[in-house]
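These notes concern the structure reproduced below.
Taken together, the values in this text are just the output of simple stated rules run on the coordinates, not laboratory data. What you see is a predicted model, and the numbers here were worked out from it, not measured in a lab. So basically every Cβ, Gly included, is an ideal-geometry build from the backbone, and we count neighbours across all protein chains shown.
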There are 2 protein chains.
Amino acid sequence: MLLAMRDDEELGRITLAQVAQRAGVSISTVSKVLNGRQDVAPPTRIKVERLLEAHAYRRTTRSAREAPLIEIVFHELESIWAMELIRGVENVAKAHNAGVVLTESGTRHSPSPDWMEAMLQRRPLGVVLVFSALPSEVKQQLRARSIPFVIIDPAGDPDPDVPSVGSANWNGGLAATRHLIEYGHRRIGIITGPEDMLCSRARLDGYRSAMTMAGLEVDPGLILFGDFHVEGGYDRAAEMLSRPERPTAIFAGSDLQALGVLEAARVHGLRVPHDLSVVGYDDVSIARWASPALTTVHQPLRQMAEEAAQMLMRLRAREPVSTRLELATSLVVRKSTAPPPEGDGAPGR
Amino acid sequence: MLLAMRDDEELGRITLAQVAQRAGVSISTVSKVLNGRQDVAPPTRIKVERLLEAHAYRRTTRSAREAPLIEIVFHELESIWAMELIRGVENVAKAHNAGVVLTESGTRHSPSPDWMEAMLQRRPLGVVLVFSALPSEVKQQLRARSIPFVIIDPAGDPDPDVPSVGSANWNGGLAATRHLIEYGHRRIGIITGPEDMLCSRARLDGYRSAMTMAGLEVDPGLILFGDFHVEGGYDRAAEMLSRPERPTAIFAGSDLQALGVLEAARVHGLRVPHDLSVVGYDDVSIARWASPALTTVHQPLRQMAEEAAQMLMRLRAREPVSTRLELATSLVVRKSTAPPPEGDGAPGR
């Protein structure tokens with residue numbers, strides 16, 4: 001199967017023969033570098049990689065050795081998101097008779113060179129990366145081999161020059177807060193994610209807009225940044241619940257943080273939802289299994305992964321692909337939210 | 001790399017040439033069938049497969065095209081076990097510079113023919129199967145291609161002729177029950193797994209032995225089979241907690257069932273652990289995140305998967321491998337267990 005990639009960056013194109021000539025090596029050596037072969041001396045490899053990168057080389061044909069594999073790479077497999085994303089890619093792979101190769105690699109900012117090398121040898125149909133952004137050399141290495149790649153970015157911080165799939169964080173924050181306001185809550189706390197993640201900011205801005213549009217003042221003491229983990233949710237909720245005027249509801253920013261809020265409520269002798277309403281975010285399976293089951297914002301993780309894998313297939317077929325796809329979030333009402341205990345605002349404890 | 005498999009079943013061996021002759025086809029056709037190629041007419045393929053199976057054919061050399069991949073196959077990726085098992089295989093694969101191919105396929109009893117076909121084309125280093133038992137044709141197809149395979153079997157029902165890894169279910173049931181007895185509980189309920197799974201039986205037998213050794217009578221009304229899911233735990237606990245003489249502690253048989261017990265306790269107005277102690281089983285991450293955090297039996301899932309993947313590597317190297325490896329379980333005490341409310345046995349509600 002010989003399919004060409006989109007050649008929308010024709011400028012500065014160079015042929016394999018030209019790379020070989022400039023590097024002072026044979027064409028077959030350049031080809032070995034492109035295919036991740038190990039039998040090339042490191043200095044030669046580096047020289048060839050630099051030339052490929054400097055001229056934004058892109059392979060126009062695909063190798064016949066290409067394997068029916070889709071790769072998915074995470075920097076953190078521990079994430080409760082991981083399984084849903086894997087299942088989404090798996091669904092699309094099955095439909096194309098392809099296998100899914102799963103790797104945990106690198107940091108939040110880049111997969112490791114080890115993965116890159118092994119992947120180049122595997123020659124997959126395409127790569128789904130669960131990373132917020134990619135270093136330019138990673139992008140160039142993939143482009144040089146004509147391996148399509150798409151980012152799944154639940155953090156909401158898309159790399160502008162890579163096709164990516166995310167979801168509507170601002171709308172999610174708005175919907176969660178509106179739901180609490182409609183129940184009659186006035187003192188609503190928010191524990192959003194880490195300060196340096198755009199999705200945390202977007203959810204917080206959605207919260208602010210809902211409060212402002214309802215004519216409610218936002219108490220700065222009830223806005224805390226968290227870490228998206230259970231411990232962060234517990235600590236921040238314990239802080240809010242110890243205040244003289246505690247909130248009657250907390251929008252927890254993630255399901256894991258919501259579990260921490262449930263535990264803080266239990267330790268403070270507060271019943272959820274009778275004394276305190278709690279809203280999560282993500283709608284992973286633990287949200288359904290919590291006690292009480294969490295009202296939460298559904299982030300369509302499986303669909304996001306399916307879209308990403310389908311984008312790979314469209315890229316291979318030279319079909320047009322949007323650079324950024326944002327799927328809708330939606331509120332799922334379960335048992336952790338109810339009207340506040342005594343109308344507007346709760347007394348201190 | 002040409003490594004031969006253990007040839008401990010020399011009887012009835014047949015060569016490729018003999019298979020070809022008996023099937024009335026060329027050797028290259030037989031070879032195509034072995035390699036999962038699509039360009040063989042179905043009746044021919046079936047004829048060749050039957051001959052290979054009848055003579056327990058085993059390839060003695062491996063293909064040079066073999067890919068540095070380890071496959072892991074689940075019948076149900078939804079399982080909370082899945083991620084831990086994947087991580088274990090991933091760890092070993094990384095150490096051998098191999099990728100991990102992940103597939104959800106088939107039923108509890110067998111992966112699907114689709115997977116088999118695609119896997120044969122991928123030619124992995126080996127296969128880890130998360131299934132209790134395998135149909136003989138699946139075993140024979142893998143053996144014919146000389147692809148090593150190991151079963152991970154948390155259900156405790158190992159296939160006798162396949163290397164498998166499990167964990168000590170009976171000991172887990174014993175430890176969980178002894179812990180409750182040591183706290184002073186006398187009326188201890190158990191919700192074990194499905195009736196037809198050996199691990200459910202083994203955990204129940206461990207419970208019975210602990211009760212008998214402590215001189216405690218077992219109330220048959222406090223022994224219920226569940227489904228290993230949250231809903232089953234909720235239903236069975238609701239049943240136990242509605243009895244005139246309710247238990248002061250429940251051993252829930254799985255962490256998911258324990259979450260159901262927590263919810264049933266909440267709905268019945270019982271505080272955990274003050275009014276009711278709860279012990280889970282598995283020690284997946286949700287056990288730590290529950291409110292209160294669950295006392296549970298740790299099943300070393302990641303290690304089990306690491307052992308299984310290492311067994312593949314030993315099989316490849318013709319090193320001896322035990323047919324059944326059972327790893328130890330251990331009790332993890334957290335916050336869902338405490339002494340019973342008023343000494344021996346609780347009053348009806």
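How crowded by other chains is B:117-127, given as the mean number of beta carbons from other chains within 10 Å of each beta carbon?
So the per-residue partner count for this stretch is 2.
Restricting to DSSP H runs of at least four residues, report the calculated mean residue ellipticity at 222 nm for chain B, -39500 (n - 2.57) per run over all residues, nearest 500 deg cm²/dmol.
Mean residue ellipticity, 222 nm, calculated: -12000 deg cm²/dmol.
Identify the residues of the stretch A:265-290 with backbone N under 11 Å of a label point that sits 7 angstrom from the Cα of A:R243 along the Cα-to-Cβ direction, or state none.
Correct set: none at all.
Which FRET efficiency value, to the nearest 0.05, do you get for B:D114 and A:A317 by plugging their Cβ-Cβ distance into 1/(1 + (r/R0)^6) with R0 = 30 Å?
It comes out at approximately 0.85.
Need one number: nm distance between label points at B:L327 and A:H268, each 7 Å from Cα along Cα→Cβ, rounded to one decimal.
3.9 nm
Taking the Kirkwood radius as the inverse of the mean 1/r across Cα pairs, report the Rg/Rh of the stretch B:47-190. It would help to have the intermediate numbers written out before the result.
Values: Rg = 18.7 Å, Rh = 17.1 Å.
On the Cα set of the stretch B:47-190, Rg over Rh gives 1.09.
Can you give me the angle between helix A:230-241 and the longest principal axis of chain A, using Cα atoms only, in degrees from 0 to 90, rounded to the nearest 10?
Tilt of helix A:230-241: around 30 degrees.
Hey, got the average number of other protein chain Cβ atoms within 10 angstrom for residues in A:21-31?
Shielding by partners across A:21-31 averages 0.
Under 15 Å from the Cβ of B:T29, count the other residues' Cβ atoms, weight Lys and Arg +1, Asp and Glu -1, and hand me the total. Working shown, then result.
Details: positive: B:R22, B:K32, B:R37, B:R45, B:K47, B:R50; negative: B:D39, B:E49.
Once positives and negatives cancel, what remains is +4.
With both bridge residues required to lie in the protein assembly as shown, what share of the DSSP beta bridges run antiparallel, to the nearest 5%?
15 percent
Can you figure out the FRET efficiency of B:T107 with B:K139, using R₀ = 25 Å and their beta-carbon distance, to the nearest 0.05?
After rounding to 0.05, the efficiency reads 0.95.
At R0 = 56 Å, how high is the FRET efficiency between A:V218 and A:A95 if r is their beta carbon distance? Nearest 0.05 is fine.
Efficiency for this residue pair is about 0.75.
On a 0 to 90 degree scale, rounded to 10, what angle separates helix A:255-267 from the longest Cα axis of chain A?
Tilt of helix A:255-267: around 30 degrees.
Under the definition of partner shielding as Cβ atoms of other protein chains within 10 Å of a residue Cβ, what is the mean value for peptide A:294-303?
Details: counts 0, 0, 0, 0, 0, 0, 0, 0, 0, 0.
Mean partner shielding for this stretch: 0.
Kirkwood hydrodynamic radius (Cα pairs, Å) of chain B? Let's see the in-between values first.
On the way: mean 1/r = 0.0454 Å⁻¹.
Computed over Cα pairs of chain B, the Kirkwood hydrodynamic radius comes out at 22.0 Å.
Go through A:S277, B:S167, A:A252 and say which Cα lies farthest out towards the positive end of the charge dipole of the protein assembly as shown; charges sit on Cβ, +1 for Lys and Arg, -1 for Asp and Glu.
So the residue furthest toward the plus end is B:S167.
Can you list the residues, at least 5 places off or on another chain, whose amide H is less than 5 Å from the amide H of A:F149, using H built in the peptide plane?
HN-HN under 5 Å from A:F149: A:V127.
Using a simple charge model, +1 on the beta-carbon of Lys and Arg, -1 on the beta-carbon of Asp and Glu, nothing else, what dipole does the protein assembly as shown show about its Cα centre, in debye to the nearest 20?
Values: 80 positive and 86 negative charges, 444 e Å.
The dipole of the protein assembly as shown has a size of about 2140 debye.
Taking K and R as +1 and D and E as -1, what net charge do the other residues with C-beta under 10 Å from the C-beta of A:K335 add up to?
Once all neighbours under 10 Å are counted, the net charge is +1.
Copy-to-copy spacing for B:D196, label 7 Å out on the Cα-to-C-beta vector, in nm, shortest first?
For B:D196, the other copies' label points sit at 5.3 nm, shortest first.
Between helix B:113-122 and chain B, what is the angle of the helix's C-alpha long axis to the longest principal axis, kept within 0 to 90° and rounded to the nearest 10?
Long axis of B:113-122 versus the principal axis of chain B: about 60 degrees.
Between copies, how far apart are the A:G221 label points? List them in nm, one decimal, shortest first, with each point 7 Å from Cα toward Cβ, please?
Copy-to-copy label distances for A:G221: 5.2 nm.
Output the peptides B:311-317, A:23-29 sorted from most to least packed, where packing is the average of other Cβ atoms within 10 Å over each peptide's residues.
The peptides rank, most packed first, as B:311-317, A:23-29.
Where both partners of a DSSP beta bridge lie in chain A, what percent of those bridges are antiparallel, to the nearest 5?
Around 10 percent antiparallel, to the nearest 5.
Put a point 7 Å out from Cα along the line to Cβ at B:A328; what are the distances to that point in the other copies, in nm, shortest first?
5.5
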